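Asks: Here it is, the structure, as structure tokens.
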Amino acid sequence: MINSVILLILLGIVAWFWFDTQRSQEIAKAICKQTCGQLHLQLLDDTIALMRVRLKRNSRGRFSVQRTYQFEFYEQGSNRQQGTVIMRGITLELLEMPGHMNRIISPA
């Protein structure tokens, strides 16, 4: 009985983490698309890749999940360039696109 409850709790945590990661990735991708559009750049492959996941404390001292994504963008006449998005939960923490914008850091 107790083993079944523990297994259900673990499955619930895994399901929550997977759905939260999907939501975070969708929001990060939308931010990348919007920023690339504003800077007249093209988001290549229409994708972003999850590079790192870790726990960090937020401004209230509570742990939250921080995910680092990388994406590639293109400006006509140049090569592929790589940008970075760091999300704290579903909130933008950092957006970096070398050569096009300095770091944009949002309070998380």
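The values are calculated or read from the model by the stated rules, or taken from the named source; none is laboratory data. Quick caveat: nothing in here was measured; it's all calculated off a predicted structure. FYI the Cβ positions are ideal-geometry reconstructions off the backbone, even for glycines, and counts take in every protein chain you see.
Asks: Has the range 70-78 got any residue that is over 12 Å from the mean Cα position of the chain (by Cα) and modelled with pLDDT of 90 or more? Break it down into steps so the answer makes sense when it comes.
Replies: Filtering the range 70-78 for residues over 12 Å from the mean Cα position of the chain (by Cα) gives 72-78.
Narrowing the set further to residues that are modelled with pLDDT of 90 or more leaves 72-73.
Yes; the residues of the range 70-78 include at least one that is over 12 Å from the mean Cα position of the chain (by Cα) and modelled with pLDDT of 90 or more.
Asks: What number of residues within the range 25-60 are modelled with pLDDT of 85 or more, assigned to a loop (DSSP other than H, G, I, E, B) and either surrounded by 15 or more Cβ atoms within 10 Å (Cβ to Cβ) or touching a Leu at 6+ places or on another chain (Cβ under 7 Å) (or both)?
Replies: 2
Asks: Give me a count of the residues in the range 76-95 that are surrounded by fewer than 16 Cβ atoms within 10 Å (Cβ to Cβ) and farther than 19 Å from I27 by Cβ.
Replies: Of the residues in that region, 6 qualify.
Asks: Okay, next question. Considering only residues that are of a type in the set (K, R) and within 17 Å of the chain's Cα centre (by Cα), look in the range 37-61 and name the one that is nearest to G77 (Cα to Cα).
Replies: If we filter the range 37-61 for residues that are of a type in the set (K, R), which is where we start, we get 52, 54, 56-57, 60.
When the remaining residues are screened for being within 17 Å of the chain's Cα centre (by Cα), the result is 52, 54, 56-57.
Numbers: R52: 31, R54: 37, K56: 39, R57: 41 Å.
Filtering first and then ranking leaves R52.
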